[in-house]
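So the structure is just underneath, and the comments pick up after that.
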Amino acid sequence: MKPAFGIAFASLLALQGFVPMQPTGAAPRWERLFDGRTLAGWTPKIVGEAAGQDAGRTFVVKDGKLQVSYANYGGKFAGRFGHLFYDRPLRFFRLRLRYRFLEPGLPDAPTWAHSNSGIMLLSENPRDIGRDQNFPVSIEFQLLGRDGDKPRPTGAVCTPGTDVDIGGKRAPDHCTPSNGPTIPNGTWVQAELDVLPSGEILHRINGKVVQRYTNARLDPTDPIGKDAVARAGSDLRLTSGYIALQSEGHPVEFDNVELQILEG
């Protein structure tokens, strides 16, 4: 069948190397970071092991989901905190994913780690993390499930080796609770993270902003961050870094992990 004029003209432009531009103001595209089959593009860092090693197969793919699993831990957590890092450092971006806590957690995990995981952001390189260092120097979007009858809102911000400002003032505590909901384990939750060119960082749970802060920076008074501070020199601002998913002794699943790069 003879092609219509418009199709033929477009084909001619393509042959001449012409690529049509996206309309001005088009939204940045979302990129899927987990293919549902492998952990390609991700690097584990487990306490007691070098970056890239995961003898206990903590991070696995099961039924198309990215799972934090302790099936090979022999029933004991033994302080083997872990993180799974996306291999590309990021500056300004949006991240969205679904998560849910499974049962049961390991009995020797710290009580505060029950139904506890997180998304680490603006993190140091996993290959710079000490072999026995529990947590990367980073900011944490804390993910919490229910643990007992008391309210336990998900979406807090925690600061291992770092500082942030909330309401224009330095956050006084290591973890600052959110105004998010308490969600029972086994329930899928939509978590979204915005790291904006304005310097503001937002946590969203099921579409609602539950935490916001600014001025992410290294904390020279925190011993966990001393090496990162030495590498940074005089400029302690956190303007780029890695993201990671956390293992703290309670199984959790992640799905639909997507990234949108923002210009700034």
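The values are calculated or read from the model by the stated rules, or taken from the named source; none is laboratory data. A quick note: this is a predicted structure, and the numbers were derived from the prediction, not measured. Backbone-built Cβ (ideal geometry, glycine too); neighbour counts: all protein chains shown. Note: accessible area is taken over every heavy atom of the protein model, side chains too, but ligands, DNA and RNA are not part of it. Shrake-Rupley method; radii C 1.70, N 1.55, O 1.52, S 1.80 Å.
Using the structure shown, decide if residue 227 is open to solvent by 40 Å² or more (accessible area, probe 1.4 Å), outside any strand (DSSP E or B) and free of Cβ contacts under 8 Å to residues at least 12 places away in the same chain. Against the criterion (open to solvent by 40 Å² or more (accessible area, probe 1.4 Å), outside any strand (DSSP E or B) and free of Cβ contacts under 8 Å to residues at least 12 places away in the same chain), residue 227 does not qualify. In this structure, residue 168 does not qualify as open to solvent by less than 20 Å² (accessible area, probe 1.4 Å) and on the phi > 0 side of the Ramachandran plot.
Taken over the range 240-264, the residue count meeting the criterion of being at pLDDT 95 or above, open to solvent by 50 Å² or more (accessible area, probe 1.4 Å) and on the phi < 0 side of the Ramachandran plot is 2.
Residue 197 falls short on exactly one of the conditions (1) in contact (Cβ under 8 Å) with a residue 40 or more places away in the chain; (2) closer than 21 Å to residue 94 by Cα; (3) crowded, with 17+ Cβ neighbours inside 10 Å, and that condition is (3).
In summary, strands (runs of 3 or more DSSP E) completely within the range 54-149 and bearing 3 or more residues that are touching a residue at least 60 places away in the same chain (Cβ under 8 Å) and under 19 Å from the mean Cα position of the chain (by Cα) occur at 65-68, 82-86, 93-101, 116-123, 139-144.
Among all positions in the range 11-31, there is at least one residue which is under 20 Å from the mean Cα position of the chain (by Cα) and modelled with pLDDT of 95 or more.
Among the residues making up the range 107-126, those that are hydrophobic (A, V, I, L, M, F, W, C) and open to solvent by less than 20 Å² (accessible area, probe 1.4 Å) are 109, 113, 119, 120, 121, 122. Do you know which of the residues in the range 60-89 that are crowded, with 19+ Cβ neighbours inside 10 Å and hydrophobic (A, V, I, L, M, F, W, C) is farthest from residue 42 (Cα to Cα)? Looking at residues that are crowded, with 19+ Cβ neighbours inside 10 Å and hydrophobic (A, V, I, L, M, F, W, C), I get 77. Look at the range 152-168: where a residue is farther than 14 Å from residue 141 by Cα and at pLDDT 95 or above and a partner is open to solvent by 40 Å² or more (accessible area, probe 1.4 Å) and not in a loop (DSSP other than H, G, I, E, B), sitting 6+ places away or on another chain with Cβ atoms under 7 Å, you get 161/224; 165/214; 165/215.
Conditions tested, residue by residue: (1) among the hydrophobic types (A, V, I, L, M, F, W, C); (2) in contact with a helix residue (DSSP H, G or I) (Cβ under 6 Å, 6 or more places away or on another chain); (3) more than 30 Å from residue 72 (Cα to Cα).
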{"site": "220", "(1), (2), (3)": "no, yes, yes"}
{"site": "224", "(1), (2), (3)": "yes, no, no"}
{"site": "236", "(1), (2), (3)": "yes, no, yes"}
{"site": "240", "(1), (2), (3)": "no, no, yes"}
{"site": "247", "(1), (2), (3)": "no, no, no"}
{"site": "250", "(1), (2), (3)": "no, no, no"}
{"site": "253", "(1), (2), (3)": "no, no, no"}
{"site": "262", "(1), (2), (3)": "yes, no, yes"}
